[in-house]
Amino acid sequence: MKLVFTLLAMSLAAPCLMGQVNAPKVGTARYPDGSFHNVQGLPANMIVAELPLDAAQVASFSDSGGLIAQNGVIRLLSPGFSVLAEYPAGEQPILSIDGEVTSALAWLPVAHTLLHWNGASFESFAVAESDLEGTVTDIQSAGAKQARLLVRHSDNSVSGVTISLRTGNLVTSEPLPGVRGYAFGQGLFVVYALNKELIVDNLSGYRRTVAFDAPDFVAERMSNTWLHLYSPTLRQSWALHVTQADLQLSQLPGLAMASSKGGIK
């Protein structure tokens, strides 16, 4: 596993930045203290620098924008972190944006409501409780005005449930063979942990694994192809790169509680 270096202060930054002028951007990570950090570089040599955003409880980022939830308010952000729209959710949601801003989705577990950004405003759809017999762990855009929710059942099995973004009605619900526990979608893949391995599976014959000795994890999108993983028990973070051709897991260092450097503009 490759250890990712952290930029904690400008006095330490100069040596790291030499030769990194054109370092590729990995994405935007929300750390456990709620602070946001820009991650760039390569898996063996990344720079992590704090961003001037107020702390948030949940986040999801793609290459085209972001969604964050701050004290019950969902905010849709541009790539430059300006606010494009807000929605008063009144609860902590599950957020997803994995492409253009029109892929922005939110699941409100208490209200049992699905939110979708239609390009001009947030649309909301009440989803019947009988359509989701379990706990939603992730939500993704499924194209053609549909959203796919990953649902964890009481026996630890997982189903993929597709909901129409035109009506809020159930389209399909199917069990995901072999997938167990907390599951997270990334593109065409499902990411989950089992038997000290992190498994990336497209459920159609492509299955890759990497050693992952963590008792638990939660995931948030940093960009189109990168995830930020965090184990609450170990208090440890990782960056996971997932594409059809590549699977890389890099350990991220923990950061001290960071104070905000200013609000969103």
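So the values come out like this:
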{"quantity": "Contact order normalised by residue count of the chain, Cα under 8 Å, 6+ apart, percent", "calculated": "16"}
{"quantity": "Neighbour-count order for Arg180, Arg75, Arg221, fewest beta carbons within 10 angstrom listed first", "calculated": "Arg180, Arg75, Arg221"}
{"quantity": "Ellipticity estimate at 222 nm from DSSP helix runs (n ≥ 4, -39,500 (n - 2.57)) divided over the chain, nearest 500", "calculated": "-1000 deg cm²/dmol"}
{"quantity": "Rounded to whole Å, sorted largest first: equivalent-ellipsoid semi-axes of the stretch 74-199, Cα gyration tensor", "calculated": "25, 17, 13"}
{"quantity": "Identified option (computed Rg and Dmax of the Cα atoms in Å; candidates (i) 20.1, 66; (ii) 18.0, 57; (iii) 17.7, 49)", "calculated": "(ii)"}
{"quantity": "Where a label projected 7 Å from the Cα of Gln92 along Cα→Cβ would reach, residues of the stretch 125-156 with amide N under 15 Å", "calculated": "136-138"}
{"quantity": "The stretch 42-125, relative contact order [Cα under 8 Å, separation at least 6], %", "calculated": "20"}
{"quantity": "Sites Gln244 and Ser124, calculated FRET efficiency, Cβ-Cβ separation with R0 51 Å, nearest 0.05", "calculated": "0.90"}
{"quantity": "Relative contact order computed over the stretch 145-265 (Cα-Cα under 8 Å; 6+ residues apart), in percent", "calculated": "12"}
{"quantity": "Residue (of Val161, Ala106, Leu227) at the positive-pole extreme of the chain, dipole from beta-carbon charges", "calculated": "Leu227"}
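Only the coordinates and a few stated rules stand behind these numbers; no lab work does. Remember, predicted model here, so these are calculated numbers, not experimental data. A quick note on method: Cβ atoms are made from the backbone with ideal geometry, for glycine too, and the neighbour counts reach across all protein chains shown.
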